[in-house]
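**Q** Below is a structure I'd like to ask you about.
The values are calculated or read from the model by the stated rules, or taken from the named source; none is laboratory data. Bear in mind the structure is a predicted one, so any value in this text is a computation, not a measurement. In this analysis, Cβ positions are derived from the backbone assuming ideal geometry, glycine residues included, and neighbour counts consider all displayed protein chains. Just the protein is used for accessible areas: all its heavy atoms, side chains included, with ligands, DNA and RNA removed. Shrake-Rupley method; radii C 1.70, N 1.55, O 1.52, S 1.80 Å.
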Amino acid sequence: MIPQETIRQIIDATDIIDVVGEFVNLKKRGVNYIGNCPFHNEKTPSFTVSPSKEIFKCFGCGKSGNAIGFVMEHEKYSYVEALKWLAARYRIPVEEKEVSDEVKQQQHIAESLYVLNNFAQKFFSENLLQTEEGRTVALTYLEHRNFTAAIIQQFQIGYCNSSGNSFAKAALKQQFSKEVLLKSGLVTERNGELFDNYRGRIIFPIHNLSGRIVGFGARVIGKADKAPKYINTPENEIYVKNKTLYGIYFARTAIGKQNECLLVEGYTDVTALQQAGIENVVASGGTSLTEAQLKLIHKFTDNLTILYDGDAAGVKAALRGLDMALEEGLNVKIALIPEGEDPDGWVQKKGSAAFLRFVSETKKDFIFFQLEAMLQDAGNDIAKKNEVVNAIAKSISKINRPEDFVKQQEFSRRSAQLLNIEEGALLQLIAKYKREEVAKITQREEKQQAATGQRVPESEPLSETSELTDFDDLQEKNVLKLLVEHGHKPWDENATVAMYMHEALESFNFNNALYEKVFDEYFILTAAGEEPDEKYFLHHADEAVKQLFTNLLMQPHELSSRWDEKLKNFKEPTPEEKTAYKTDVFKSLCFFRLKKIKTMFDENQKALEQEKDFEEQLKLIAIHNKLKEVEVSLTRELGTVILK
């Protein structure tokens with residue numbers, strides 16, 4: 001067990017922005033930081049980190065917690081493992097009591113694999129540098145391929161000698177179990193005896209985002225005859241091929257700084273480019289890109305440039321799976337290395353400056369690269385050209401983020417020109433594929449709803465025209481947030497913000513009963529001489545109230561950034577109102593009441609249309625006029641008019 005004083009020391013030393021920023025590309029937004037959530041697939045950032053509150057929250061999937069919770073969730077660590085990870089990061093010594101044999105036996109198989117992989121890496125590195133076979137066979141080969149000592153050390157490259165079972169013997173001597181050894185793929189079993197699986201091969205350790213070794217790639221020395229060129233770790237508890245990118249641990253910082261990820265096929269392409277000073281590079285391992293790999297890239301940048309060989313196989317490899325990249329919201333470009341070359345040899349021949357210049361000058365947007373390649377393949381075949389049109393329309397339809405509207409329009413315009421068809425016809429086809437995709441999503445959601453018996457939550461944001469007319473709880477939450485954050489502050493010489501808000505909303509109720517309860521409780525407490533703050537509601541006895549404020553304190557319920565554009569005639573606040581929080585309160589309360597008035601208008605109008613009795617009609621008309629007076633009064637306060 002880790003002593004409590006050590007845990008407290010770890011917690012005090014931990015900077016949540018530093019920790020989360022290790023895995024998520026964070027950007028400052030006001031007092032908080034935002035980024036794409038690492039726990040679910042999203043195109044628009046909904047993941048928020050508050051340095052002042054030392055918590056994170058995703059408004060897409062709902063995950064939240066502190067720095068320790070983040071490490072536990074992201075790395076799938078236990079609480080103790082997460083503490084150890086943080087302690088190592090901040091160089092805090094951890095002294096533990098010796099664990100029992102029973103606890104050791106209960107350790108997760110994944111941790112055993114991590115420990116074994118770490119042992120294997122050291123064993124293979126020693127083989128490469130400290131054995132005669134390693135130096136004369138493997139190291140000589142690497143030096144011939146221009147690997148420097150620095151790059152060998154950085155990527156922890158090693159060698160498994162050809163004796164047959166030297167690693168297996170060493171691992172068994174260290175008491176690694178046969179089960180774990182076989183699961184790791186480092187050994188194979190024949191006639192009840194364990195043999196090294198990677199004998200006579202260069203070993204490339206594969207690291208995850210936090211730098212832990214999850215597997216290995218073993219390359220044959222020289223040209224492969226009958227044996228495969230590479231043997232890779234089989235999938236197990238810590239290694240999943242389609243979720244892994246070789247070199248991501250060493251490239252993550254450079255990718256974020258340069259806002260671009262270069263993607264190559266092989267291990268040696270990564271090491272060669274890194275050695276040349278091009279650090280923002282990862283490898284897919286020669287497989288088509290997967291959604292998980294694209295999501296991993298998108299944590300650090302929106303820009304992906306794919307560098308593949310210029311032969312036919314390279315072109316096909318470059319095109320596989322890239323519709324998913326467009327759906328992910330990545331700006332995808334492709335540059336083909338001249339046929340007969342690869343990034344490894346090309347950068348060594350030309351140098352990093354010439355290599356980067358070549359990539360910059362030749363890379364093309366995926367859509368146009370795909371279009372040109374398919375048109376060349378189609379030739380004069382009408383049927384194939386028709387397939388090209390459909391394929392391009394389908395790809396463009398994947399660009400569905402609102403902020404990418406201009407990009408989609410430009411792709412449509414230029415593609416129509418290259419295809420020699422009417423742009424309107426292409427747009428109609430794109431719209432057709434969009435409708436089909438929406439229909440598929442709706443069908444999946446309906447099936448999910450039917451299977452779980454739960455209503456699928458709405459994810460569509462309010463449109464600009466609906467901000468003042470559609471009744472929802474956005475403003476109610478915003479009012480509560482402002483009340484709790486600023487209620488104790490002065491409004492003027494005679495009243496606090498809470499007193500001003502209470503008077504302003506005296507004739508209005510909350511639509512949500514829970515919000516009404518919180519609002520009332522706040523003023524009951526203040527009447528009793530207490531000052532309820534954030535902590536009071538975060539530790540409330542009612543779990544629903546506690547959850548509400550956990551979300552509220554991270555929820556972006558600020559006023560719409562477009563309201564000030566709409567309120568061009570908004571009059572300047574009085575000197576007392578010029579404090580920022582007063583302006584927020586003032587605007588929020590006005591719009592809160594306007595939305596309530598709008599709802600009352602609609603309800604009253606429906607009643608008037610259905611009412612047959614003349615006397616009742618007169619009463620409803622009087623209510624209408626009264627509501628109109630209140631509306632006019634509010635709009636005068638704002639110095640604007642209501643948008644219809």
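For every residue, the table says whether it meets (1) at pLDDT 90 or above; (2) within 30 Å of Asn146 (Cβ to Cβ); (3) not in a helix (DSSP H, G or I).
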site	(1), (2), (3)
Lys349	no, yes, no
Ala354	yes, yes, no
Leu371	no, no, no
Met374	no, no, no
Asp377	no, no, no
Ala383	no, no, no
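**Q** Turning to a different aspect of this structure: Within region 526-644, which helices (runs of 4 or more DSSP H) (wholly inside it) include 3 or more residues that are in contact with a Pro (Cβ under 8 Å, 6 or more places away or on another chain) and modelled with pLDDT under 70?
**A** It comes to none.
**Q** Okay, moving on. On the given criteria, is Ile392 open to solvent by less than 80 Å² (accessible area, probe 1.4 Å), closer than 25 Å to Tyr308 by Cα and part of a helix (DSSP H, G or I)?
**A** Yes; evaluated as a whole, the condition is true for this residue.
**Q** Scan region 339-353 for residues that are among the aromatic types (Phe, Trp, Tyr) and either over 20 Å from Glu265 (Cβ atoms) or open to solvent by less than 10 Å² (accessible area, probe 1.4 Å) (or both) and report the count.
**A** Number satisfying all stated conditions: 0.
**Q** Another question, then. When residues of region 9-27 are filtered for being β-branched (Val, Ile, Thr) and more than 16 Å from Lys57 (Cα to Cα), how many remain?
**A** Matching residues across region 9-27 total 3.
**Q** Which residues, counting only those in region 46-72, are free of Cβ contacts under 8 Å to residues at least 12 places away in the same chain and in a loop (DSSP other than H, G, I, E, B)?
**A** Correct list: Gly62 only.
**Q** Name the residues in region 118-148 that are within 23 Å of Lys223 (Cα to Cα) and among the aliphatic types (A, V, I, L, M), would you?
**A** Leu128, Leu129, Val137, Ala138, Leu139, Leu142, listed by residue number.
**Q** Here's something else I'd like to know. What number of residues in region 62-88 are modelled with pLDDT of 85 or more and either among the β-branched types (Val, Ile, Thr) or open to solvent by 50 Å² or more (accessible area, probe 1.4 Å) (or both)?
**A** Here the count works out to 4.
**Q** Sticking with this one: Yes or no: region 440-450 includes at least one residue that is modelled with pLDDT of 65 or more and assigned to a loop (DSSP other than H, G, I, E, B).
**A** Checked region 440-450: no residue is modelled with pLDDT of 65 or more and assigned to a loop (DSSP other than H, G, I, E, B).
**Q** Still on this structure: From the list Leu356, Leu336, which one is farther than 21 Å from Glu423 by Cα, open to solvent by 70 Å² or more (accessible area, probe 1.4 Å) and in contact (Cβ under 8 Å) with a residue 12 or more places away in the chain?
**A** Criteria check complete, one pass: Leu356.
**Q** Sticking with this structure for a sec: Taking Leu514 as the residue in question, decide whether it is in contact (Cβ under 8 Å) with a residue 12 or more places away in the chain, within 41 Å of the chain's Cα centre (by Cα) and closer than 20 Å to Asn551 by Cα.
**A** yes
**Q** Continuing with this model, one more query. When only residues in region 44-66 that are touching a Gly at 6+ places or on another chain (Cβ under 9 Å) and among the basic types (Lys, Arg) count, which is farthest from Lys28 (Cα to Cα)?
**A** Lys63
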